[in-house]
Amino acid sequence: MTMASADCLPDYPLDSDLVKRLKSALDASDEERVSDLLCTEVEQVDAIIEMANDDWMKDPSAQLPPGVLLGLWTLEYKRELTTPLCIAAARGHTACVSHLLARGADPDASPGGRGALHEACLGGHTACAQLLLQHRADPDLLSAEGLAPLHLCRTAASLGCAQALLEHGASVQRAGGSGGDTPLHVAAQHGLDEHARLYLGRGAPVDARNGRGETALGAACGAARWPDEHARCLRLCALLLRRGAAVDPRDEDERSPLHQACGRARPDLASLLLRHGADAGALDYGGASPLARALQTAACAPRAAAPRTVQALLNYGSPTVWPDAFPKVLKTCASAPEVVEVLFNSYPQLRVSESWKEAIPEEVFEMHQPFYKSFFALAHTPRCLQHLCRCAIRKLFGKNCFYFIPLLPLPKSLQNYLLLEPEGVLH
């Protein structure tokens, strides 16, 4: 809420009859009733409607949180102001938007901090966005947060809105908000490959940096994803790399896209970046490598994701963990034995100590007993000749293991063995 909106007197306050009926219709998702109220019962076409007002100062009996009373945090004054046009655009009521514009509604009115075009883009309502633009809505209007409508095209459904904005002259290079994100950063953060393709086609700089020093590639690799979004994100990153994105840019924490992908346990992204020459041994500001990032998140990552990420890094030449630090790895990754196996097999010989059992919770040991029994059996015996041969071949190929091992005239099972495919036990 801006200072201007705080001082604004609404035409329809929160306690007015119209607002009560409007909120009731909105809560019931009665879209027909909402449209009817906006188009027929609101007298002024640009009337300011107060939809929320948490002004606790007006209520002396209000119960304040203890943290506020102790001065640990401040209590925000929240107020929501809007217009009929903003409500109609947010709900995707094209006919209502058309009616209000025909009556002379201001397409750029934004008493609550966002205009109708912002609302249409946020909801992915292309027809509403087109109508507003046809009535000369500003395609680069900034919200109270410093965001243009293009920054609010955050879903796949908003692609049509983005196209309409660009056709009406919206800037594809504008940085917005506290994070300084460009529209390409927003597309990358939300895994919107078609949006990214559109922006790049309109001249968006592929390596533009936001306020955190991230490029779109880094933003895409570092964003949290639902599993069903992974394929779309992979396509987006591949697109950025094809369009010339730098594979190893560093953000303000000196993290590369590979650091981000490994921190999210994304073996598909890690492999893509490594194929394009990402530095598997890069260190961030805290001295962590991509491998360290993968190990840090192994315990909470999907079961197959973490070992495959570690496997990809090692097959592209990542330095392994210093042998003396292996007990710490065991403590962190005990519940992910496949990760322990892949990493352990990257050493020709590593002395196993019985004292390492203390790093493994008893219930975890019981759950993965076959693996850990085989692991601690190596405290009294050297590794098998087959493993030593594997290490010799891997040392010969170095960071090109992933390229050369599949070319060897060997059965697929042996190729997988050389590439550190986990087997569930150690020999």
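For the range 179-220, what are the residues that are farther than 17 Å from L147 by Cβ, surrounded by fewer than 19 Cβ atoms within 10 Å (Cβ to Cβ) and in contact (Cβ under 8 Å) with a residue 24 or more places away in the chain? If the condition is that a residue be farther than 17 Å from L147 by Cβ, surrounded by fewer than 19 Cβ atoms within 10 Å (Cβ to Cβ) and in contact (Cβ under 8 Å) with a residue 24 or more places away in the chain, then E194, R197, R202, G203, P205, D207, G213 are the ones that fit.
Looking across the range 17-49, the residues that are among the aliphatic types (A, V, I, L, M), in a helix (DSSP H, G or I) and out of contact with any strand residue (DSSP E or B) (no Cβ under 8 Å at 6 or more places or on another chain) come down to A25, L26, V34, L37, L38.
Residue-wise test of (1) exposed (fewer than 13 other Cβ atoms within 10 Å of the Cβ); (2) outside any helix (DSSP H, G or I); (3) β-branched (V, I, T).
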{"site": "V329", "(1), (2), (3)": "no, no, yes"}
{"site": "V352", "(1), (2), (3)": "no, yes, yes"}
{"site": "K373", "(1), (2), (3)": "yes, no, no"}
{"site": "F376", "(1), (2), (3)": "no, no, no"}
{"site": "K395", "(1), (2), (3)": "yes, no, no"}
{"site": "Y417", "(1), (2), (3)": "no, no, no"}
{"site": "H427", "(1), (2), (3)": "no, yes, no"}
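G277 - would you say it is without any contact (Cβ under 8 Å) to a residue 12 or more places away in the chain and assigned to a loop (DSSP other than H, G, I, E, B)? Answer is no for this residue. Among the residues making up the range 270-289, those that are touching an Asp or Glu at 6+ places or on another chain (Cβ under 8 Å) and farther than 17 Å from A245 by Cα are A282, L283, D284, Y285, G286.
Considering only residues in the range 305-327 that are small (G, A, S) and in contact (Cβ under 8 Å) with a residue 12 or more places away in the chain, the one that is surrounded by the most Cβ atoms within 10 Å (Cβ to Cβ) turns out to be A312. Checking each residue in the range 245-271 for being charged (D, E, K, R) and either in contact with a Cys (Cβ under 8 Å, 6 or more places away or on another chain) or more than 11 Å from D284 (Cα to Cα) (or both) picks out D248, R264, R266, D268. Residue pairs whose Cβ atoms lie under 6 Å apart, separated by 6 or more positions or on different chains, with the first residue in the range 381-408 and without any contact (Cβ under 8 Å) to a residue 12 or more places away in the chain and assigned by TED's automatic domain parsing to the domain that holds Y347 and the second exposed (fewer than 12 other Cβ atoms within 10 Å of the Cβ) and not in a helix (DSSP H, G or I), do not occur.
Taking the conditions (1) surrounded by fewer than 23 Cβ atoms within 10 Å (Cβ to Cβ); (2) more than 17 Å from the chain's Cα centre (by Cα) in turn, G176 satisfies each one other than (1). Where helices (runs of 4 or more DSSP H) fall wholly inside the range 66-136, the ranges with 2 or more residues that are surrounded by fewer than 22 Cβ atoms within 10 Å (Cβ to Cβ) and modelled with pLDDT of 95 or more are 84-91, 94-102, 116-123, 126-134. When the range 356-372 is filtered for residues that are in contact (Cβ under 8 Å) with a residue 24 or more places away in the chain and over 36 Å from the mean Cα position of the chain (by Cα), the ones remaining, listed by number, are W356, P370. Looking only at the range 335-355, filter to residues that are of a type in the set (S, T, N, Q) and within 36 Å of the chain's Cα centre (by Cα); which one of those is farthest from N315 (Cα to Cα)? Within the range 335-355, the match that is farthest from N315 (Cα to Cα) is S335. Filter the range 354-371 for residues that are part of a loop (DSSP other than H, G, I, E, B) and surrounded by fewer than 16 Cβ atoms within 10 Å (Cβ to Cβ) and give the result. P361, the sole residue that qualifies. For the residues A265, A238, A246, the requirement of being in a loop (DSSP other than H, G, I, E, B) and either surrounded by 24 or more Cβ atoms within 10 Å (Cβ to Cβ) or under 17 Å from the mean Cα position of the chain (by Cα) (or both) singles out A265.
Could you tell me whether V310 is in contact with a Leu (Cβ under 8 Å, 6 or more places away or on another chain), farther than 20 Å from I405 by Cβ and β-branched (V, I, T)? So V310 fails the test.
The values are calculated or read from the model by the stated rules, or taken from the named source; none is laboratory data. This is a predicted model, so every value here is computed, not measured. Because the Cβ atoms are built from the backbone with ideal geometry, glycine has one as well, and the counts that use them run over all protein chains shown.
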